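Worksheet: one structure, shown below.
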Amino acid sequence: MRRVESSAELQPKKIALISNDALGNYAAINPLAQMLKSSWPGAELSYFSGSRVGFISERTPLFDHFYPVLGEGPRFFGHFTQKFDLVINVENTAMAKALATFLCEDDGFLIGPCVAPDGRGDLAFEPGWRGDLWEDKEWIAADIHQKYEAIHTGYIGELFARLAYQSGPIPQYQMPKEDPGEVPDVLMATAASLDSKLWPIENWIRLVKKIADRGLTVGLIGAKPSDQGKFWKGANDEDRLVAESPIEDLRGVFSLTQVVGALDKANFVVTLDNGILHFACSTQTPTIGIFRHGIHRLWAPPVPNLVVVEPGFGRKVSEITVEEVFRQLTEFQIPLGNF
């Protein structure tokens, strides 16, 4: 196994792509997966992730095979025998690095973090700007696209694509969707993976009431409450939101493909920086995304239907006011009246 030194070396027949199974991580590798299929249309692309993205991963034409390694743990290594001539890993966890090395053929190529073949430490990254970027701990820096001239934005979807030797325009998300039936005018997603992403529940309650006062219906989407608390923060606050505001509780009602369909049918979406935001950005639906400062440069997709609300340097998400979020709705010319 070896590092790539030139894209001309790559003529893969079997590609393994590894990422975490948070919905946002699934979205972040979506443009890369499209580009891999375009670069090598005859190659077989296998996706290694976890059960949280299994339903949607198995329903996209991008992947020939899906393996829910996360959740199975080390047991996976005991029964899997396939090898790949190109392995791309975008995660820096011990499991992902070991998996990348395990999956690679003896004469195959490895891209991204991985364990050295002898198991003693990590395999050094390739020399040049790609190796430097893999080692860089400041991917949210405002000038990262100037520091590395081969990239044009700080968006994580582009960073992954360039690190994997893909050139050309970065495609927008391609997500499978199903019609969920009727949906409210406005859809909201209030849970996230970290406490620092959360917006106070009192703000969500006020925002829902302001929108409802304009005659629009509002729905809350996300995982069913019993699962929400396992993986995401804010599940208990969501119960309070349902109890204290005129929001329809749609948590766990839709499959992931139906969530995409619901977001596509809604008039607009208001969400934290979470997987729902990325799914909304695969549609044309106007979307308000509430981000932490700096993180927005890495994780906000550069699409025209997204308006980013971030607190600014030195402020927390919790300091963003209802007025700041509500005001952004006028960017979409939503008929909500004057604030």
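Look at (1) more than 18 Å from CYS114 (Cβ to Cβ); (2) touching a helix residue (DSSP H, G or I) at 6+ places or on another chain (Cβ under 6 Å); (3) of a type outside the set (A, V, I, L, M) and you find that PHE84 fails only one, number (1). Does the range 154-161 contain any residue that is β-branched (Val, Ile, Thr) and free of Cβ contacts under 8 Å to residues at least 40 places away in the same chain? No, the conditions are met nowhere in the range 154-161. Do any helices (runs of 4 or more DSSP H) lying entirely in the range 83-164 carry at least 1 residues that are surrounded by fewer than 14 Cβ atoms within 10 Å (Cβ to Cβ) and among the aliphatic types (A, V, I, L, M), and which ones are they? Those helices (runs of 4 or more DSSP H) span 94-103.
For TYR165, the conditions (1) within 19 Å of the chain's Cα centre (by Cα); (2) farther than 30 Å from LYS316 by Cβ; (3) of a type in the set (Ser, Thr, Tyr) are fulfilled apart from (1). With respect to (1) at pLDDT below 95; (2) in contact with a helix residue (DSSP H, G or I) (Cβ under 8 Å, 6 or more places away or on another chain), the lone exception for GLN333 is condition (2).
Give me a count of the residues in the range 11-66 that are crowded, with 19+ Cβ neighbours inside 10 Å, without any contact (Cβ under 8 Å) to a residue 40 or more places away in the chain, of a type in the set (Ser, Thr, Tyr) and in a helix (DSSP H, G or I). The qualifying residues number 1.
Looking only at the range 67-76, which residues are aromatic (Phe, Trp, Tyr) and assigned to a helix (DSSP H, G or I)? Steps first, please.
Step one: filter the range 67-76 for residues aromatic (Phe, Trp, Tyr), giving 67, 76.
Matches in the range 67-76: PHE76 only.
A residue that is within 26 Å of PHE55 (Cα to Cα), touching a helix residue (DSSP H, G or I) at 6+ places or on another chain (Cβ under 8 Å), of a type in the set (Gly, Ala, Ser) and crowded, with 19+ Cβ neighbours inside 10 Å occurs somewhere in the range 230-250.
For residues that are among the small types (Gly, Ala, Ser) and either at pLDDT 95 or above or in a helix (DSSP H, G or I) (or both), scanning just the range 209-227, find the one that is nearest to SER193 (Cα to Cα). Taking the candidates together, the pick is SER226.
Taking residues in the range 239-253 that are within 13 Å of VAL218 (Cβ to Cβ) and free of Cβ contacts under 8 Å to residues at least 40 places away in the same chain, and partners anywhere that are hydroxyl-bearing (Ser, Thr, Tyr) and loosely packed, with under 15 Cβ neighbours inside 10 Å, not one pair has Cβ atoms closer than 9 Å while being at least 6 places apart or on different chains.
Residues of the range 91-103 that are touching a Leu at 6+ places or on another chain (Cβ under 8 Å) and either free of Cβ contacts under 8 Å to residues at least 60 places away in the same chain or closer than 19 Å to PHE279 by Cβ (or both): MET95 alone.
The values are calculated or read from the model by the stated rules, or taken from the named source; none is laboratory data. Computed from a prediction, not measured in an experiment: that's the story for all the values here. Virtual Cβ from ideal backbone geometry, glycine too; neighbours counted across all protein chains shown.
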